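Here's the structure we're looking at; comments come further down.
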Amino acid sequence: MDAVLPIDKPAGVTSHDVVAAVRRAVGGPRKGAGRVRVGHAGTLDPFATGLLLVLVGRATRAQRFFMGLPKGYETVARLGWTSTTGDPEGELTRTGRVPDLSALPTGRIRQRPPAHSAVHVDGRRAYELARAGAAVELPEREVEVTRFELLWRRGDRAAFAIDCSSGTYVRSLVADLGDAYCLELRRTRSGPFSVEAAAPSAEAALERAIDLGDALAAVLPVVELGAEDARRAAHGAPVPGPDAPPGGEVLLRDGDGPIAIARPRDGGQLKPVVGFRAA
């Protein structure tokens, strides 16, 4: 199987747990050369729910293209409180100071990932160091927020819809409002993929598997190749691409499905950078 499985992750389990469940469901050996490769396209915190794209087989080769898709979230914030982790699992402190919600930040902004995050620091996850009592201060990064909309507010709760670039930490967005933390977080969208079409379990996801070729065609421009160019691309050789869009990667395919992801080069050539077909 070479496919993308959209799964609606429940609260209380890790993204790794979902990947392990899919690995068991596809029935692949746990070790050895014949092991079925399974990964995911963007971690969800254990307390969070929603869309997790699980990649099976050769889909794992395109992981960065799926991870880089813009995301959509819905979150419920608790106002007048802070959390050491930015979520319900941290140490909570009631401050009584309610942030101003009249001007929610959008556009390109700088944010600092939470210390309790999956960012690598010297070969270890930041949350591992934080849980061990180490002082962790991650460097700021630039992200883009295209939507930050207040959906409702009741007492010390407020719900928001957020559309943002890959790599954005919603926990940081909420914490940066002032005294607030994420009480609930749900990923609703990743690029063209919606949680509405996601399966509730690994077993159910197998029945809704999106073929790798169809999934890639939904996120990349497609260039159709004839037999000779398809053979060359399968060997990793550049092929002509007069109709290829300028800049960015494209999907090369023929009647048998995806061949490679290619990057435009000078002279109207497309150079395969990720292959899906044995030469």
Some residue of the range 227-238 being modelled with pLDDT of 90 or more, touching a strand residue (DSSP E or B) at 6+ places or on another chain (Cβ under 8 Å) and part of a strand (DSSP E or B) | no
What are the residues in the range 176-192 that are more than 15 Å from Ala48 (Cβ to Cβ) and crowded, with 22+ Cβ neighbours inside 10 Å, if any?
-> Ala180
State whether the residues of the range 148-160 include one that is charged (D, E, K, R), closer than 25 Å to Ala41 by Cβ and in contact (Cβ under 8 Å) with a residue 60 or more places away in the chain.
-> no
Reported set for the range 137-167 where residues are in a strand (DSSP E or B), surrounded by 14 or more Cβ atoms within 10 Å (Cβ to Cβ) and at pLDDT below 95 is Arg141, Val143
Would it be correct to say that Glu184 is part of a helix (DSSP H, G or I) and at pLDDT 95 or above?
-> no
Going through the range 67-111 in order, the residues found to be touching a His at 6+ places or on another chain (Cβ under 9 Å), buried (at least 16 other Cβ atoms within 10 Å of the Cβ) and on the phi < 0 side of the Ramachandran plot are Met67, Thr85, Asp87, Gly90
Do the conditions hold for Ala21, that is, is it assigned to a loop (DSSP other than H, G, I, E, B), touching a residue at least 24 places away in the same chain (Cβ under 8 Å) and hydrophobic (A, V, I, L, M, F, W, C)?
-> no
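The values are calculated or read from the model by the stated rules, or taken from the named source; none is laboratory data. Given the structure is predicted, the values throughout are model-derived calculations rather than measurements. All Cβ positions, even for glycine, are placed from backbone atoms using ideal geometry, and neighbour counts span all protein chains on display.
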